[in-house]
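The values are calculated or read from the model by the stated rules, or taken from the named source; none is laboratory data. These numbers come from a predicted model, not from an experiment. Note: ideal-geometry Cβ built from the backbone for every residue, glycine included; neighbour counts use all protein chains shown. When the accessible area is computed, the model is the full protein with side chains, heavy atoms only, and any ligands, DNA or RNA have been set aside. Shrake-Rupley method; radii C 1.70, N 1.55, O 1.52, S 1.80 Å.
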Amino acid sequence: MSATGAATAALRRGALAAVVRGGPVLEVTSLTHDGAELLVPGHELPAPFAVHGDHGGIAFLHPWANRLGADAYALAGRRAALPPDAPGVTRDDGGRPIHGLRAPGPGWAVDADGPAGARARLEHPGEDGSPFPFPHAVEVAVTLTDSGLEATARVAATTDVPVPVAVGWHPYLRLPGAARRDWRLGAPPRRHLLAGPDGLPDGHERDEGAEDAPLAARAFDDGYRVDPPAPWTLSDGHRTLRVRPLAGFPVVQLFAPTSADVVSIEPMAAPVDALRHGTGIGWARPGAPFAVAFALDVEARGAPGYRCCG
(Lines give C-alpha, C1' and ligand atoms only; values in the text may rest on other atoms or scores of the structure.)
Protein backbone atom coordinates (compact mmCIF):
# COMPACT_ATOMS: atom_id res chain seq x y z
CA MET A 1 0.00 0.00 0.00
CA SER A 2 1.24 3.46 -0.75
CA ALA A 3 0.14 7.04 -0.48
CA THR A 4 1.56 10.53 -0.31
CA GLY A 5 0.33 13.81 1.07
CA ALA A 6 -0.47 15.55 4.32
CA ALA A 7 -1.16 13.78 7.60
CA THR A 8 -4.26 15.73 8.68
CA ALA A 9 -6.83 18.22 7.43
CA ALA A 10 -8.92 20.58 9.59
CA LEU A 11 -12.43 21.29 8.28
CA ARG A 12 -14.96 23.93 9.27
CA ARG A 13 -18.45 24.88 8.17
CA GLY A 14 -20.80 26.96 10.28
CA ALA A 15 -21.13 25.49 13.77
CA LEU A 16 -19.32 22.30 12.73
CA ALA A 17 -15.59 21.54 12.80
CA ALA A 18 -13.75 18.30 12.08
CA VAL A 19 -10.25 16.87 11.84
CA VAL A 20 -9.42 14.10 9.36
CA ARG A 21 -6.22 12.12 9.95
CA GLY A 22 -4.42 9.60 7.77
CA GLY A 23 -1.69 7.09 8.59
CA PRO A 24 -2.30 3.40 9.32
CA VAL A 25 -6.05 4.06 9.82
CA LEU A 26 -8.08 6.76 8.11
CA GLU A 27 -10.25 8.46 10.72
CA VAL A 28 -12.16 11.59 11.59
CA THR A 29 -10.55 12.20 14.96
CA SER A 30 -12.84 15.05 16.00
CA LEU A 31 -16.28 16.37 15.10
CA THR A 32 -17.56 19.29 17.15
CA HIS A 33 -20.87 21.16 17.08
CA ASP A 34 -20.84 24.59 18.69
CA GLY A 35 -17.59 23.48 20.35
CA ALA A 36 -19.02 20.27 21.87
CA GLU A 37 -17.15 17.07 20.94
CA LEU A 38 -19.43 14.38 19.49
CA LEU A 39 -16.84 11.62 19.00
CA VAL A 40 -14.90 9.43 21.41
CA PRO A 41 -11.17 9.34 20.54
CA GLY A 42 -9.20 6.13 20.60
CA HIS A 43 -7.25 6.98 23.77
CA GLU A 44 -10.51 7.24 25.73
CA LEU A 45 -11.73 3.80 24.65
CA PRO A 46 -10.83 0.49 26.28
CA ALA A 47 -8.29 -1.10 23.95
CA PRO A 48 -10.55 -4.06 23.00
CA PHE A 49 -13.22 -1.61 21.77
CA ALA A 50 -10.97 0.61 19.64
CA VAL A 51 -10.13 -0.02 16.00
CA HIS A 52 -6.74 -1.77 15.96
CA GLY A 53 -6.39 -1.08 19.65
CA ASP A 54 -6.05 2.71 19.62
CA HIS A 55 -8.22 4.36 16.95
CA GLY A 56 -11.63 5.91 17.57
CA GLY A 57 -13.51 8.91 16.21
CA ILE A 58 -15.04 7.85 12.90
CA ALA A 59 -12.65 5.16 11.65
CA PHE A 60 -12.70 3.73 8.12
CA LEU A 61 -12.61 -0.07 8.22
CA HIS A 62 -10.65 -1.31 5.21
CA PRO A 63 -10.46 -3.62 3.31
CA TRP A 64 -13.21 -5.31 5.32
CA ALA A 65 -15.36 -4.31 8.29
CA ASN A 66 -15.91 -6.18 11.53
CA ARG A 67 -14.53 -9.71 12.01
CA LEU A 68 -13.60 -12.76 9.96
CA GLY A 69 -14.41 -16.26 11.18
CA ALA A 70 -11.11 -17.85 10.11
CA ASP A 71 -7.55 -17.10 9.05
CA ALA A 72 -8.12 -18.16 5.44
CA TYR A 73 -10.77 -17.71 2.78
CA ALA A 74 -11.17 -18.15 -0.97
CA LEU A 75 -13.28 -15.93 -3.19
CA ALA A 76 -13.53 -15.42 -6.95
CA GLY A 77 -10.54 -17.63 -7.61
CA ARG A 78 -8.26 -15.81 -5.17
CA ARG A 79 -6.95 -17.22 -1.89
CA ALA A 80 -6.36 -15.22 1.30
CA ALA A 81 -4.25 -16.14 4.31
CA LEU A 82 -3.87 -14.33 7.63
CA PRO A 83 -1.10 -16.14 9.55
CA PRO A 84 -0.63 -15.33 13.24
CA ASP A 85 2.22 -12.95 12.44
CA ALA A 86 0.49 -11.21 9.50
CA PRO A 87 1.33 -7.49 9.63
CA GLY A 88 -1.50 -5.05 10.15
CA VAL A 89 -3.92 -7.62 11.60
CA THR A 90 -5.72 -7.09 14.92
CA ARG A 91 -7.67 -9.87 16.62
CA ASP A 92 -10.67 -9.88 18.92
CA ASP A 93 -10.69 -11.62 22.28
CA GLY A 94 -11.51 -14.90 20.51
CA GLY A 95 -8.50 -14.64 18.19
CA ARG A 96 -10.51 -13.70 15.07
CA PRO A 97 -9.22 -10.99 12.70
CA ILE A 98 -11.24 -7.80 13.16
CA HIS A 99 -11.60 -4.33 11.63
CA GLY A 100 -9.69 -5.02 8.43
CA LEU A 101 -6.00 -4.12 8.14
CA ARG A 102 -3.75 -1.33 9.31
CA ALA A 103 -2.02 0.24 6.32
CA PRO A 104 1.78 -0.15 6.50
CA GLY A 105 4.37 2.57 5.97
CA PRO A 106 2.94 6.08 5.60
CA GLY A 107 -0.50 4.55 5.02
CA TRP A 108 -3.40 6.84 4.17
CA ALA A 109 -2.61 10.33 2.92
CA VAL A 110 -5.02 13.21 3.51
CA ASP A 111 -5.26 16.43 1.52
CA ALA A 112 -7.53 19.40 2.13
CA ASP A 113 -10.27 19.95 -0.43
CA GLY A 114 -11.36 23.46 0.39
CA PRO A 115 -12.21 24.71 3.89
CA ALA A 116 -14.90 22.06 4.49
CA GLY A 117 -13.55 18.97 2.73
CA ALA A 118 -10.72 16.45 2.68
CA ARG A 119 -9.67 13.64 0.35
CA ALA A 120 -7.63 10.53 1.04
CA ARG A 121 -6.25 7.79 -1.18
CA LEU A 122 -4.68 4.39 -0.68
CA GLU A 123 -3.43 1.76 -3.12
CA HIS A 124 -3.57 -1.89 -2.10
CA PRO A 125 -1.39 -4.39 -4.04
CA GLY A 126 -3.60 -7.39 -3.27
CA GLU A 127 -1.16 -10.22 -3.93
CA ASP A 128 -2.75 -13.66 -4.12
CA GLY A 129 -2.27 -15.39 -0.76
CA SER A 130 -2.18 -12.11 1.21
CA PRO A 131 -4.82 -11.14 3.80
CA PHE A 132 -6.84 -9.36 1.08
CA PRO A 133 -5.78 -10.67 -2.35
CA PHE A 134 -7.54 -8.13 -4.59
CA PRO A 135 -5.51 -5.26 -6.13
CA HIS A 136 -7.40 -1.99 -5.84
CA ALA A 137 -7.31 1.70 -5.01
CA VAL A 138 -9.61 3.54 -2.62
CA GLU A 139 -10.47 7.23 -2.72
CA VAL A 140 -12.34 8.72 0.22
CA ALA A 141 -13.98 12.15 0.41
CA VAL A 142 -15.07 13.62 3.76
CA THR A 143 -17.14 16.82 3.62
CA LEU A 144 -18.89 19.02 6.14
CA THR A 145 -22.33 20.07 4.92
CA ASP A 146 -24.98 22.43 6.25
CA SER A 147 -26.47 19.49 8.18
CA GLY A 148 -23.43 17.47 9.25
CA LEU A 149 -20.76 15.27 7.71
CA GLU A 150 -20.78 13.12 4.58
CA ALA A 151 -18.22 10.45 3.67
CA THR A 152 -17.93 8.69 0.31
CA ALA A 153 -15.49 5.88 -0.51
CA ARG A 154 -14.84 4.79 -4.09
CA VAL A 155 -13.21 1.38 -4.61
CA ALA A 156 -11.62 0.74 -8.02
CA ALA A 157 -9.98 -2.41 -9.36
CA THR A 158 -6.43 -1.70 -10.57
CA THR A 159 -6.04 -4.95 -12.55
CA ASP A 160 -8.43 -7.31 -14.32
CA VAL A 161 -9.29 -8.91 -10.93
CA PRO A 162 -12.72 -7.87 -9.54
CA VAL A 163 -12.67 -6.59 -5.95
CA PRO A 164 -15.22 -7.53 -3.25
CA VAL A 165 -16.37 -4.44 -1.35
CA ALA A 166 -16.75 -5.14 2.36
CA VAL A 167 -15.59 -1.80 3.82
CA GLY A 168 -17.37 0.13 6.56
CA TRP A 169 -17.20 3.00 9.02
CA HIS A 170 -16.98 2.83 12.81
CA PRO A 171 -18.35 6.09 14.30
CA TYR A 172 -17.78 6.22 18.07
CA LEU A 173 -20.57 8.63 19.02
CA ARG A 174 -21.39 10.37 22.27
CA LEU A 175 -23.80 13.05 23.46
CA PRO A 176 -21.96 15.41 25.82
CA GLY A 177 -23.84 16.70 28.82
CA ALA A 178 -26.26 13.79 29.17
CA ALA A 179 -25.89 10.44 30.93
CA ARG A 180 -25.73 7.33 28.74
CA ARG A 181 -28.88 5.94 30.33
CA ASP A 182 -30.79 9.00 29.08
CA TRP A 183 -29.62 8.78 25.46
CA ARG A 184 -32.39 7.68 23.09
CA LEU A 185 -31.76 5.17 20.33
CA GLY A 186 -33.91 5.36 17.22
CA ALA A 187 -33.89 2.43 14.78
CA PRO A 188 -35.82 1.81 11.55
CA PRO A 189 -37.63 -1.44 10.69
CA ARG A 190 -34.89 -4.01 10.13
CA ARG A 191 -33.77 -7.63 9.92
CA HIS A 192 -31.67 -8.70 12.90
CA LEU A 193 -28.76 -10.85 11.68
CA LEU A 194 -28.57 -13.28 14.56
CA ALA A 195 -25.12 -14.35 15.74
CA GLY A 196 -23.53 -16.89 18.04
CA PRO A 197 -21.37 -16.19 21.09
CA ASP A 198 -18.39 -15.70 18.74
CA GLY A 199 -20.10 -12.70 17.11
CA LEU A 200 -20.41 -14.48 13.75
CA PRO A 201 -23.78 -14.72 11.99
CA ASP A 202 -25.49 -18.07 12.53
CA GLY A 203 -27.57 -17.83 9.33
CA HIS A 204 -30.84 -16.85 11.02
CA GLU A 205 -32.63 -13.51 10.78
CA ARG A 206 -35.51 -11.92 12.67
CA ASP A 207 -37.79 -9.02 11.79
CA GLU A 208 -37.72 -6.11 14.24
CA GLY A 209 -39.94 -3.06 14.11
CA ALA A 210 -38.96 0.59 14.35
CA GLU A 211 -38.16 1.87 17.83
CA ASP A 212 -37.33 5.05 19.69
CA ALA A 213 -36.45 4.32 23.32
CA PRO A 214 -33.92 5.21 26.02
CA LEU A 215 -30.66 3.33 25.74
CA ALA A 216 -30.86 2.78 29.53
CA ALA A 217 -28.77 -0.26 30.55
CA ARG A 218 -29.06 -2.04 27.20
CA ALA A 219 -25.94 -3.35 25.44
CA PHE A 220 -25.54 -4.17 21.74
CA ASP A 221 -23.06 -5.81 19.42
CA ASP A 222 -25.50 -6.79 16.69
CA GLY A 223 -25.83 -6.70 12.92
CA TYR A 224 -28.92 -5.57 11.03
CA ARG A 225 -30.02 -5.52 7.42
CA VAL A 226 -32.10 -2.46 6.49
CA ASP A 227 -33.81 -2.50 3.08
CA PRO A 228 -34.33 0.12 1.86
CA PRO A 229 -31.62 1.96 3.81
CA ALA A 230 -33.05 4.23 6.50
CA PRO A 231 -31.67 6.51 9.23
CA TRP A 232 -30.68 5.54 12.77
CA THR A 233 -30.59 8.17 15.51
CA LEU A 234 -28.97 8.88 18.84
CA SER A 235 -30.54 11.77 20.72
CA ASP A 236 -30.92 13.59 24.02
CA GLY A 237 -32.57 16.82 25.08
CA HIS A 238 -29.99 18.91 23.20
CA ARG A 239 -29.08 17.17 19.95
CA THR A 240 -29.91 14.39 17.55
CA LEU A 241 -27.17 12.53 15.69
CA ARG A 242 -28.61 10.85 12.61
CA VAL A 243 -26.65 8.18 10.71
CA ARG A 244 -27.98 7.89 7.15
CA PRO A 245 -26.67 5.23 4.75
CA LEU A 246 -26.68 6.93 1.34
CA ALA A 247 -25.28 4.29 -1.04
CA GLY A 248 -23.84 0.79 -0.82
CA PHE A 249 -24.43 0.24 2.91
CA PRO A 250 -27.22 -2.36 3.33
CA VAL A 251 -25.97 -3.49 6.76
CA VAL A 252 -25.53 -1.65 10.06
CA GLN A 253 -23.60 -3.01 13.03
CA LEU A 254 -24.77 -1.53 16.33
CA PHE A 255 -22.19 -1.47 19.12
CA ALA A 256 -23.12 -0.07 22.52
CA PRO A 257 -21.22 -1.53 25.50
CA THR A 258 -22.37 -0.76 29.02
CA SER A 259 -18.78 -0.24 30.20
CA ALA A 260 -18.18 2.90 28.13
CA ASP A 261 -20.25 5.96 27.23
CA VAL A 262 -20.22 5.34 23.49
CA VAL A 263 -22.58 4.14 20.78
CA SER A 264 -21.41 3.07 17.34
CA ILE A 265 -23.90 2.92 14.47
CA GLU A 266 -21.66 1.39 11.82
CA PRO A 267 -22.56 1.48 8.10
CA MET A 268 -21.19 -1.69 6.48
CA ALA A 269 -21.04 -2.66 2.81
CA ALA A 270 -21.43 -6.37 3.62
CA PRO A 271 -22.43 -8.55 6.59
CA VAL A 272 -19.93 -9.80 9.14
CA ASP A 273 -17.74 -12.62 7.74
CA ALA A 274 -19.05 -12.07 4.21
CA LEU A 275 -15.63 -12.61 2.63
CA ARG A 276 -15.63 -16.24 3.76
CA HIS A 277 -19.15 -16.95 2.50
CA GLY A 278 -19.26 -14.74 -0.60
CA THR A 279 -22.85 -13.60 0.01
CA GLY A 280 -24.20 -10.08 0.29
CA ILE A 281 -21.12 -8.51 -1.31
CA GLY A 282 -20.89 -5.80 -3.96
CA TRP A 283 -18.04 -5.87 -6.49
CA ALA A 284 -15.77 -3.23 -8.00
CA ARG A 285 -15.11 -4.64 -11.46
CA PRO A 286 -12.45 -3.50 -13.93
CA GLY A 287 -13.58 -0.18 -15.30
CA ALA A 288 -16.59 -0.03 -12.96
CA PRO A 289 -15.70 1.35 -9.51
CA PHE A 290 -18.04 0.75 -6.55
CA ALA A 291 -19.02 3.68 -4.32
CA VAL A 292 -20.38 3.68 -0.77
CA ALA A 293 -21.52 6.71 1.20
CA PHE A 294 -23.13 7.74 4.46
CA ALA A 295 -24.07 10.94 6.28
CA LEU A 296 -23.94 11.90 9.94
CA ASP A 297 -26.42 14.71 10.54
CA VAL A 298 -26.16 16.89 13.63
CA GLU A 299 -29.37 18.63 14.66
CA ALA A 300 -29.79 20.90 17.65
CA ARG A 301 -33.14 20.98 19.44
CA GLY A 302 -35.04 24.00 18.25
CA ALA A 303 -33.26 24.18 14.89
CA PRO A 304 -35.53 24.54 11.80
CA GLY A 305 -36.82 21.12 10.81
CA TYR A 306 -35.65 19.47 14.03
CA ARG A 307 -36.84 15.88 14.40
CA CYS A 308 -35.88 13.78 17.37
CA CYS A 309 -35.73 10.39 15.79
CA GLY A 310 -36.22 8.27 12.68
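Phi angles of the range 28-37 translate, via the Karplus equation with coefficients 6.51, -1.76, 1.60 and θ = phi - 60°, into HN-Hα couplings of 8, 7, 8, 9, 10, 10, 6, x, 8, 6 Hz per residue; Gly and Pro are given as x.
Compute the whole-percent fraction of alpha carbon pairs in the range 171-218 spaced more than 12 Å apart. Kindly include the intermediate steps, with their values, before the conclusion.
Values: 807 of 1128 pairs.
Within the range 171-218, distances greater than 12 Å cover 72 percent of Cα pairs.
Across the range 1-68, the mean sequence separation of Cα contacts (distance under 8 Å, 6 or more residues apart), normalised by length, yields a relative contact order of 22 percent.
Sorted from largest to smallest, which semi-axis lengths in Å does the alpha carbon gyration tensor of the range 120-223 give for its equivalent ellipsoid, taking the root of 5 times each eigenvalue?
Details: eigenvalues 223, 97, 32 Å².
Ellipsoid semi-axes (Å, largest first): 33, 22, 13.
So if we plug the beta-carbon distance of Ser259 and Asp160 into 1/(1 + (r/R0)^6) with R0 = 45 Å, what FRET efficiency do we get, rounded to 0.05? The value I calculate is 0.45.
Using a ≥ b ≥ c from the Cα gyration tensor of the range 1-140 (square roots of the eigenvalues), is it rounded, prolate or oblate, where a/c under 1.5 gives rounded and otherwise the larger of a/b and b/c decides, a/b for prolate? Could you put the intermediate results ahead of the total?
On the way: a/c = 2.78, a/b = 1.58, b/c = 1.76.
Here the range 1-140 falls in the oblate category.
Placing a label point 7 Å from the Cα of Asp54 along the Cα-to-Cβ direction, the residues of the range 79-110 whose backbone N falls under 20 Å from that point are 85-93, 98-110. Each residue of the range 210-222 was assigned a 3J(HN,Hα) from its phi angle through the Karplus expression (A = 6.51, B = -1.76, C = 1.60, θ = phi - 60°), giving 4, 8, 8, 8, x, 5, 6, 9, 6, 10, 9, 8, 9 Hz with x at Gly and Pro.
One quarter of the convex hull surface built on the alpha carbon atoms of the range 62-155 amounts to 7.5 nm², the projected area averaged over directions.
For the range 202-207, backbone phi angles converted through the Karplus equation (6.51, -1.76, 1.60; θ = phi - 60°) give residue-by-residue couplings of 9, x, 9, 9, 9, 5 Hz, Gly and Pro being listed as x.
Helix-only arithmetic for the chain: the sum of -39500 (n - 2.57) across DSSP H runs with n ≥ 4, divided by the residue total, places the mean residue ellipticity at 222 nm at 0 deg cm²/dmol.
Per the Kirkwood definition applied to all pairs of different Cα atoms, how many angstroms is the hydrodynamic radius of the range 212-310? Please report the intermediate quantities before stating the final value.
Numbers: mean 1/r = 0.0660 Å⁻¹.
Radius from the Kirkwood sum: 15.2 Å.
Only protein heavy atoms count here; under a 1.4 Å probe, His55 has an accessible surface of about 20 Å².
Placing unit charges on the Cβ atoms only, positive for Lys and Arg and negative for Asp and Glu, gives the range 93-222 a dipole magnitude near 420 debye about its Cα centre.
What percentage of all Cα-Cα pairs in the chain are separated by more than 28 Å?
Numbers: 16337 of 47895 pairs.
Of the Cα pairs, 34 percent sit more than 28 Å apart.
Taking Cα atoms of the range 35-88, Rg/Rh with Kirkwood Rh, to two decimals? If you can, show how the numbers build up before the last one.
Details: Rg = 15.0 Å, Rh = 13.6 Å.
We get a ratio of 1.11 for the range 35-88.
Highest mobility in the GNM of the chain, judged by mean-square fluctuation with C-alpha springs under 10 Å and restricted to Pro125, Pro41, Pro271, is found for Pro125. If you find the alpha carbon centre of the range 212-245 and of the range 1-71, how far apart are they in angstrom? Each part reduced to its Cα centre gives a spacing of 20 Å. Annotation for Asp182 and Asp92: the two label points, set 7 Å from Cα along the Cα-Cβ direction, are 3.3 nm apart.
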